[in-house]
Amino acid sequence: MMNPLLSQEQIALWHELTGAARNIVITAHRGPDGDAIGSTTALASWLQRHTKADVRIVVPNIFPDFLKWMPGAADILVYEHHEDEVRPVVEQADLIIMCDHGELRRMWTLGDVVREHPTPRIMLDHHLDPEHDIAQLVISHPELSSTCEVLMRVLLESGEKNGSEPVFTTSEATSIYAGMMTDTGAFTYASNRPEIFELISILLRCGIDKDRIYRNIFFTYSPNRLKFQGYMLYAKLDIWKKAHVAIMTLTNAERRRFGILNGDTEGLVNMPLQVLGMKLSIFLREDTEHPCIRVSLRSVDDFPANEMAAAFFGGGGHKNAAGGEIWGTMDEAVEIAKKAVQKYMPLLKDNG
């Protein structure tokens, strides 16, 4: 049996806030990933069935094409480039639920709109160091695998207060499983706790097809993407052997050369970790819409990718999966990466 995640006070406040709301907006972080889209779509569906509120999902910018199959994804509103249409939706909300981000700045300009709108907020997250003063109810558990796991536990425990365990629809369970799966690399990291598999068994009983979910996310390559991956691994992969570090860079010119679609770079940062002895993989790529370099870090075992992301790239994340950004050129980003590796060399060289 799982230990309770919520206090009775948190359960009561959850019911109070969601029960009183009539216009709920659910938000996610910039660059929404599987956990962000999974948690928002599952929660939107659940709230529509259990409350009297009109529920909308608003994300800061576009999300990867390989997530668009997810139930409810077609109804998501994108703020960037649609500000005049979407801002009124946020400003009409009498409850905002922030999923998969513990800081308003992670929503960029959408975060400013949320900050200026005086309405109650709930935070559901699993990242380190959330801003507690930006929400009336903060449910943040970095020890859990994903925000989808946090959400599932919240819905299960808040349902028990009403005398019955909530039954997820197959669509809701599909979104939750997809989020848990993508945020753990298909359960290859951050997923050693037995409770995760207890929750998966519940989702399976709700009728999900976990094999199809996996294929929908990972078996969607175009011929261009396969050629692009081959190019990146052959021409752009640089191994720093003494540091047990791999680094790759991607320019927008290279994106255009291979006809890369939104989301086609997903998962590429994980591939160098297949090399024996690799401790850290760094992926630097030019942002398609802003003059900055996006940074993705993946590590194994106890190397703190989140600490490196915070110290050198203005970001954060989890121990083995983190990211950030550099407002500058690719050459400058590579130099910063070199300094970061040098700083952490004692941990990287210890490959035992």
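The values are calculated or read from the model by the stated rules, or taken from the named source; none is laboratory data. Since the structure is predicted, the reported quantities are computational estimates derived from the model, not experimental observations. We place every Cβ from the backbone using ideal geometry, glycine too, and count neighbours over all the protein chains shown. In case anyone asks, the SASA skips ligands and DNA or RNA and just uses the protein heavy atoms, side chains included. Shrake-Rupley method; radii C 1.70, N 1.55, O 1.52, S 1.80 Å.
May I ask you to list pairs of residues, at least six apart or on different chains, whose Cβ atoms are under 7 Å apart, with the first in the range 80-107 being on the phi > 0 side of the Ramachandran plot and the second being buried (at least 22 other Cβ atoms within 10 Å of the Cβ)?
Pairs found: 100/28; 100/29; 100/35; 100/36; 100/39; 100/125; 100/147.
Quick check, is residue 259 modelled with pLDDT under 95 and under 19 Å from the mean Cα position of the chain (by Cα)?
Details: modelled with pLDDT under 95: yes; under 19 Å from the mean Cα position of the chain (by Cα): no.
No, not satisfied.
Conditions first: (1) open to solvent by 10 Å² or more (accessible area, probe 1.4 Å); (2) farther than 21 Å from residue 61 by Cα; (3) modelled with pLDDT of 95 or more. Residue 116 passes all but one, so which condition is the exception?
(2)
Taking the range 122-136, which residues are surrounded by fewer than 22 Cβ atoms within 10 Å (Cβ to Cβ) and not in a loop (DSSP other than H, G, I, E, B)?
Passing the criteria: 132, 133, 134.
Out of all the residues in the range 261-292, which are within 21 Å of residue 65 (Cα to Cα) and open to solvent by less than 40 Å² (accessible area, probe 1.4 Å)?
Scanning the range 261-292 gives 263, 264, 265, 267, 268, 269, 283, 284, 287.
Restricting to the range 165-191, count the residues that are polar (S, T, N, Q), assigned to a loop (DSSP other than H, G, I, E, B) and in contact (Cβ under 8 Å) with a residue 60 or more places away in the chain. Lay out the reasoning, then the answer.
Taking the range 165-191 as the starting set, the residues that turn out to be polar (S, T, N, Q) are 169-171, 174-175, 182, 184, 188, 191.
Cutting the leftovers down to assigned to a loop (DSSP other than H, G, I, E, B) gives us 169, 184, 188, 191.
Within this subset, residues satisfying the condition of being in contact (Cβ under 8 Å) with a residue 60 or more places away in the chain are 169.
Within the range 165-191, residues that are polar (S, T, N, Q), assigned to a loop (DSSP other than H, G, I, E, B) and in contact (Cβ under 8 Å) with a residue 60 or more places away in the chain number 1.
Go through (1) surrounded by fewer than 19 Cβ atoms within 10 Å (Cβ to Cβ); (2) assigned to a loop (DSSP other than H, G, I, E, B); (3) over 18 Å from the mean Cα position of the chain (by Cα) and name the single condition residue 93 misses.
Just one mismatch for residue 93, condition (1).
Please work out which residue is modelled with the lowest pLDDT, limiting yourself to the range 99-113 and to residues that are of a type in the set (D, E, K, R) and either assigned to a loop (DSSP other than H, G, I, E, B) or surrounded by 24 or more Cβ atoms within 10 Å (Cβ to Cβ) (or both).
The extreme case among them is 103.
How many residues, within the range 137-146, are of a type in the set (Val, Ile, Thr) and open to solvent by 20 Å² or more (accessible area, probe 1.4 Å)? Full working, then the answer.
Here is the first cut: in the range 137-146, the residues of a type in the set (Val, Ile, Thr) are 138-139.
Applying the additional criterion that residues be open to solvent by 20 Å² or more (accessible area, probe 1.4 Å) yields 138.
Within the range 137-146, residues that are of a type in the set (Val, Ile, Thr) and open to solvent by 20 Å² or more (accessible area, probe 1.4 Å) number 1.
Of 341, 334, 300, which residue is of a type in the set (Val, Ile, Thr), open to solvent by less than 20 Å² (accessible area, probe 1.4 Å) and touching a Leu at 6+ places or on another chain (Cβ under 9 Å)?
Only one candidate qualifies: 341.
Would you call residue 172 under 22 Å from residue 93 (Cβ atoms), open to solvent by less than 10 Å² (accessible area, probe 1.4 Å) and in contact with a helix residue (DSSP H, G or I) (Cβ under 6 Å, 6 or more places away or on another chain)?
Numbers: under 22 Å from residue 93 (Cβ atoms): yes; open to solvent by less than 10 Å² (accessible area, probe 1.4 Å): yes; in contact with a helix residue (DSSP H, G or I) (Cβ under 6 Å, 6 or more places away or on another chain): yes.
Considered against the rule, which asks whether it is under 22 Å from residue 93 (Cβ atoms), open to solvent by less than 10 Å² (accessible area, probe 1.4 Å) and in contact with a helix residue (DSSP H, G or I) (Cβ under 6 Å, 6 or more places away or on another chain), residue 172 comes out as yes.
Does residue 49 satisfy the condition of being assigned to a loop (DSSP other than H, G, I, E, B) and either of a type outside the set (A, V, I, L, M, F, W, C) or modelled with pLDDT under 95 (or both)?
Here the answer is no, as residue 49 does not meet what is asked.
Quick check on the range 223-249: of everything there that is among the charged types (D, E, K, R) and assigned to a helix (DSSP H, G or I), which residue is least open to solvent (accessible area, probe 1.4 Å)? Step through it out loud before you land on a result.
Pass one, the range 223-249, residues among the charged types (D, E, K, R): 225, 227, 236, 238, 241-242.
Then drop every residue that is not assigned to a helix (DSSP H, G or I), which leaves 225, 227, 236, 241-242.
Numbers: 225: 12, 227: 132, 236: 39, 241: 162, 242: 173 Å².
Within the range 223-249, the match that is least open to solvent (accessible area, probe 1.4 Å) is 225.
Residue by residue through the range 203-218, note down the ones that are open to solvent by 30 Å² or more (accessible area, probe 1.4 Å) and within 20 Å of the chain's Cα centre (by Cα).
Result: 210, 214, 215, 216, 218.
If I go through the range 48-63 residue by residue, how many of them are exposed (fewer than 15 other Cβ atoms within 10 Å of the Cβ) and either among the polar types (S, T, N, Q) or within 18 Å of residue 177 (Cα to Cα) (or both)?
The number of residues fulfilling the criteria is 1.
Answer with yes or no whether residue 200 is open to solvent by less than 50 Å² (accessible area, probe 1.4 Å), assigned to a helix (DSSP H, G or I) and touching a residue at least 40 places away in the same chain (Cβ under 8 Å). Break it down into steps so the answer makes sense when it comes.
Details: open to solvent by less than 50 Å² (accessible area, probe 1.4 Å): yes; assigned to a helix (DSSP H, G or I): yes; touching a residue at least 40 places away in the same chain (Cβ under 8 Å): no.
No: the conditions fail for residue 200.
If I ask for residues that are without any contact (Cβ under 8 Å) to a residue 24 or more places away in the chain and of a type in the set (Lys, Arg), which ones from the range 215-263 would you list?
Scanning the range 215-263 gives 215, 236, 241, 256, 257.
Has the range 311-330 got at least one residue that is surrounded by fewer than 18 Cβ atoms within 10 Å (Cβ to Cβ) and without any contact (Cβ under 8 Å) to a residue 12 or more places away in the chain?
No: zero hits.
Is there a residue in the range 64-78 that is open to solvent by less than 20 Å² (accessible area, probe 1.4 Å), in a loop (DSSP other than H, G, I, E, B) and modelled with pLDDT under 95?
Scanning the range 64-78 turns up at least one residue that is open to solvent by less than 20 Å² (accessible area, probe 1.4 Å), in a loop (DSSP other than H, G, I, E, B) and modelled with pLDDT under 95.
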